[in-house]
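> Before anything else, here's the structure in question.
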Amino acid sequence: MPARSRIRSLVLIGLLIRAGLAVLFLAKSWPAWALTGDNILFPIPAFSINSSSRTYSFLEAQSILHDFSEKIRSLHSYQCVMKNFYRKDNRKPDEWLEVSVRYPEKTVRISLRYPRKGAKLVYRDIARRVRVKPFVFLGLALTLSPHNSLLVSRFGHTIDHADFKSFLERILVPACLSKSCVYLGTGSWKGTPVNILNVAPDVVEARRTFGRMLLVFDQKKGWLRMVETISPQGRFMERVEYENCEENPVFPPGFFKL
């Protein structure tokens, strides 16, 4: 392949990957919810809080995150549909994808549905490499470092920390250990009863980019349903929604190969 064509292909691949992965890497992302008095700073569609349940409980936040942590650590696999929104008033997701994770040797597969349907990425913790198939109609597949500049999202998120275990160990647990997490009360998310937590980043490098996060947990199943981030200056950054999460799915042979 001529050098100019090769460079053009890599640029296209980089744009594809950045667009599809910006939502994924929550291990360094701090979704947020801010209150000004009794007002939600960023109104969220399909979300409401029960005003009579409002409280500010550190112990209750610890309990909810402990239960979520125990659930995730007991799994040998999970799969979720993820939707990412970059504008607070946007009704249509900017990215739509499926994330599949298998333990104990962590393997992550990302399948994009929108805007570039068919693109896939597979990361294996044991190899510390990402296999990338950017176009469904081509057999082209690349092997890259998870920290390759083509794979790093706009906020520095990387696929090796895209799973819930990494999010817990790197962000949520340290935040609660420093008492930077608080339970706000109950509410409703798309008709489902939820528990609502507010978490601030405890990692020094995070404070320069992210402010706080809102975490919305399904009361019955304990799954994380929605996260929203704001910057330290109080500006909306992104909202991530989780749908159709499945515990311990059995993946077909070759599912994590590209």
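> First check a/c for the stretch 134-181, with a ≥ b ≥ c the square roots of the eigenvalues of its C-alpha gyration tensor; if it is under 1.5, answer rounded, and if not, answer prolate when a/b is larger than b/c or oblate otherwise.
Cα axes put the stretch 134-181 in the prolate bin.
> Calculate the spin-label point distance for residue 51 paired with residue 75, positioning each point 7 Å from the Cα along the beta-carbon direction, and give it in nanometres.
3.6 nm
> Could I ask something else about it? Within straight cross-link reach of residue 83, meaning Cα distance under 18 Å, which aspartates and glutamates are found once same-chain residues fewer than 8 apart are removed?
Here the aspartates and glutamates satisfying the reach criterion relative to residue 83 are 94, 95, 98, 163, 218, 228, 238, 241, 243, 246.
> Continuing with this model, one more query. What is the sum of charges, Lys and Arg at +1 and Asp and Glu at -1, for the other residues whose Cβ falls under 12 Å from the Cβ of residue 118?
Residues close to residue 118 contribute a combined charge of +4.
> Further question: Counting only residues 5 or more places away or on other chains, whose amide H sits under 5 Å from the amide H of residue 185 once H atoms are built in the peptide plane?
Those lying under 5 Å, H to H, from residue 185 are 55, 196.
> In the stretch 46-97, which trypsin sites (Lys or Arg not before Pro) are in a loop and have at most 15 other Cβ atoms within 10 Å, using DSSP for the loop call?
Sparse-neighbourhood loop trypsin sites (Lys or Arg not before Pro): 54, 87, 91.
> Can you list the HN-Hα couplings for the stretch 236-241, worked out from phi with the Karplus curve (6.51, -1.76, 1.60; θ = phi - 60°), rounded to whole Hz and with x for Gly and Pro?
4, 10, 6, 10, 10, 10
> For the stretch 90-131, place one equal point scatterer on every Cα, skip the solvent, and apply the Debye formula. What is log10 of I(q)/I(0) at q = 0.22, 0.26, 0.27, 0.28 Å⁻¹?
-0.71, -0.85, -0.88, -0.91
> Right, another one. What lysines sit close enough to residue 165 to cross-link, taking a C-alpha to C-alpha distance under 16 Å and skipping anything fewer than 8 places away on the same chain?
Result set, ordered by chain and number: 28, 71, 106.
A short reminder: the numbers here are calculations on the coordinates, not readings from a lab. All of these numbers come straight from a predicted model, not from anything done at the bench. Quick reminder, even Gly has a Cβ in these numbers, built from the backbone with ideal geometry, and neighbours come from all protein chains shown.
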